[in-house]
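Worksheet: one structure, shown below.
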Amino acid sequence: MTQSRSHIPDTSEPPLVSLTGPGPATTTLKGRIIAWVTEFIQFGLVGALAFIVDFGTFNLLQHGPLGVLHGHSNAANVISATVATIFSWVMNRLWTYRGRTQDNAAREALLFAVGNIGGLLITQFCLLFTHEVLGLRSALADNIAAYIVGFGLGTAFRFIFYHYIVFTGTVDEPASERAAMGAVIGGVPTTRDADRRTAEDAARTGVPDSTPPL
């Protein structure tokens, strides 16, 4: 008589399922890392150009030949940051976050401005701290406070704000639940156009979309 084998339940963990699309978890992780690095590089290049615009305008107003705002570093910083913000929004919209922009450009610009106001407040705090607490008011002190410490902290804040709040491509009419979840957990969200193309391709070929639901 043959003895039947005892059933041993499988206690291994189920395979990880991608929240941003089909494929192994390792592929998703690799794609996410590449997307983050690419986004950061493009963001950094735009930021570098905006820095030149900001830096040049600030010093032209504060310490330039005319010195129209000499002795008013905070006012000069506000004006130079405003000019650089407009430049940065246009470049990020057309290049860094192309395909992830919102349909409502006015709302996107408003959110972008909010993010930059937050970065500006960080820079303003650094300037005030340098003047009122440290008692340093030279051109060198102003530039270190505004464009090394303040700019560095403000840049980190803006990068996170842009990624999660401004350029999501999911405002008013989200692409899918996966896109919203991807924005929350740190993935690069898909756009409405991408989801629409996926549905159209599935309808045309007769092959259903294999992307697993959440």
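The values are calculated or read from the model by the stated rules, or taken from the named source; none is laboratory data. Note that this is a predicted model, so its numbers are computed, not measured. As a convention, Cβ positions derive from the backbone with ideal geometry for all residues, glycine included, and neighbour counts pool all protein chains shown. Just so you know, the surface numbers come from the protein's heavy atoms only, side chains and all, with ligands and any DNA or RNA stripped out. Shrake-Rupley method; radii C 1.70, N 1.55, O 1.52, S 1.80 Å.
For the residues 92, 77, 59, the requirement of being surrounded by fewer than 20 Cβ atoms within 10 Å (Cβ to Cβ) and part of a helix (DSSP H, G or I) singles out 59.
Among the residues of the range 95-111, those identified as open to solvent by 40 Å² or more (accessible area, probe 1.4 Å), touching a residue at least 40 places away in the same chain (Cβ under 8 Å) and not in a helix (DSSP H, G or I) are 99, 103, 104. Given the criteria over 22 Å from the mean Cα position of the chain (by Cα), modelled with pLDDT of 55 or more and open to solvent by 40 Å² or more (accessible area, probe 1.4 Å), does residue 7 qualify? Against the criterion (over 22 Å from the mean Cα position of the chain (by Cα), modelled with pLDDT of 55 or more and open to solvent by 40 Å² or more (accessible area, probe 1.4 Å)), residue 7 does not qualify. Can residue 85 be described as within 18 Å of the chain's Cα centre (by Cα), modelled with pLDDT under 85 and under 21 Å from residue 146 (Cβ atoms)? Yes. Name the residues in the range 62-74 that are open to solvent by less than 30 Å² (accessible area, probe 1.4 Å) and either in contact (Cβ under 8 Å) with a residue 40 or more places away in the chain or within 15 Å of residue 147 (Cα to Cα) (or both), would you? Residues satisfying the conditions are 62, 73.
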